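The values are calculated or read from the model by the stated rules, or taken from the named source; none is laboratory data. All of these numbers come straight from a predicted model, not from anything done at the bench. Positions of Cβ are generated from backbone atoms using ideal geometry, with glycine treated the same way; all protein chains shown enter the neighbour counts.
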Amino acid sequence: MRHIKIWMGVALLGLLTAAVSIQALSQGRGRGIGRGPVRNVPTTNPSRPTNAASPGRSDKAARDVDRDRARGIAKKLNMTPEELEQKYQAERALNPHLTFGQFIAANVVARNLSAKHPNVTTEAILAGLRSGKSLGQTLQDLGVSEKEAREAERNARREIKEAHRNP
């Protein structure tokens, strides 16, 4: 009987030690998967203003970058960079999650597809993005095939890059 009491005491002491160790180890810094902040998610820290289109930069810096990017594409869309920015800001008032890239892509894709698909307009695409759909989903809802939607997005990316290089 005495041996059983000793073994139970040792087992209880072992369990207590394990519990304390686990508690102490859980107080340390995590080093597992998922380190660091999540990217492309605007912060809500009021002391550090950000722009949803460019997290981590001040609004002024983001606007300057957007203006630089807008020069070449605005010319392709028969607008001035100021007009393009005004339209973007107006749409951002309706859809705060809209990025400048999405806005430009909507304009370029609408310009490229409207001859073949008259219902594919910039406003229709932006309405789809406002509802939380992707550009591809929106195009398919507007009657564009999946293959043609992918191709239109690819062509728009290429045109935007080209316009950015040659303002």
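Looking at (1) closer than 20 Å to THR80 by Cβ; (2) in contact with a Ser or Thr (Cβ under 9 Å, 6 or more places away or on another chain); (3) crowded, with 19+ Cβ neighbours inside 10 Å, which one does ILE125 not meet, given that it meets all the others?
Condition not satisfied by ILE125: (1).
Being exposed (fewer than 12 other Cβ atoms within 10 Å of the Cβ), under 20 Å from the mean Cα position of the chain (by Cα) and either within 13 Å of LEU135 (Cβ to Cβ) or among the hydroxyl-bearing types (Ser, Thr, Tyr) (or both) is the filter here; which residues of region 145-163 pass it?
Correct list: ARG154 only.
SER58 fails exactly one of the following numbered conditions: (1) surrounded by 10 or more Cβ atoms within 10 Å (Cβ to Cβ); (2) modelled with pLDDT of 85 or more. What is the number of that condition?
Unmet condition: (2).
Would you please list the contacts, defined by Cβ atoms under 9 Å and residues six or more apart or on different chains, that run from a residue in region 111-140 that is in contact (Cβ under 8 Å) with a residue 40 or more places away in the chain to a residue that is among the β-branched types (Val, Ile, Thr) and surrounded by 16 or more Cβ atoms within 10 Å (Cβ to Cβ)?
Between residues of region 111-140 that are in contact (Cβ under 8 Å) with a residue 40 or more places away in the chain and residues that are among the β-branched types (Val, Ile, Thr) and surrounded by 16 or more Cβ atoms within 10 Å (Cβ to Cβ), the close pairs are ASN112/VAL120.
Kindly indicate the residue of region 1-43 that is among the hydroxyl-bearing types (Ser, Thr, Tyr) and surrounded by 10 or more Cβ atoms within 10 Å (Cβ to Cβ) and also modelled with the lowest pLDDT among those meeting that condition.
So the first thing to find is which residues in region 1-43 are among the hydroxyl-bearing types (Ser, Thr, Tyr), and the list is 17, 21, 26, 43.
After this cut, where a residue has to be surrounded by 10 or more Cβ atoms within 10 Å (Cβ to Cβ) as well, the list is 17, 21, 43.
Values: THR17: 81, SER21: 71, THR43: 46.
The selected residue is THR43.
Output the qualifying pairs, or none if there are none: Cβ atoms under 9 angstrom, residues six or more apart or on different chains, first residue in region 145-167 and under 18 Å from ILE104 (Cβ atoms), second residue surrounded by fewer than 13 Cβ atoms within 10 Å (Cβ to Cβ) and among the charged types (D, E, K, R).
HIS164/ASP68; PRO167/ASP68
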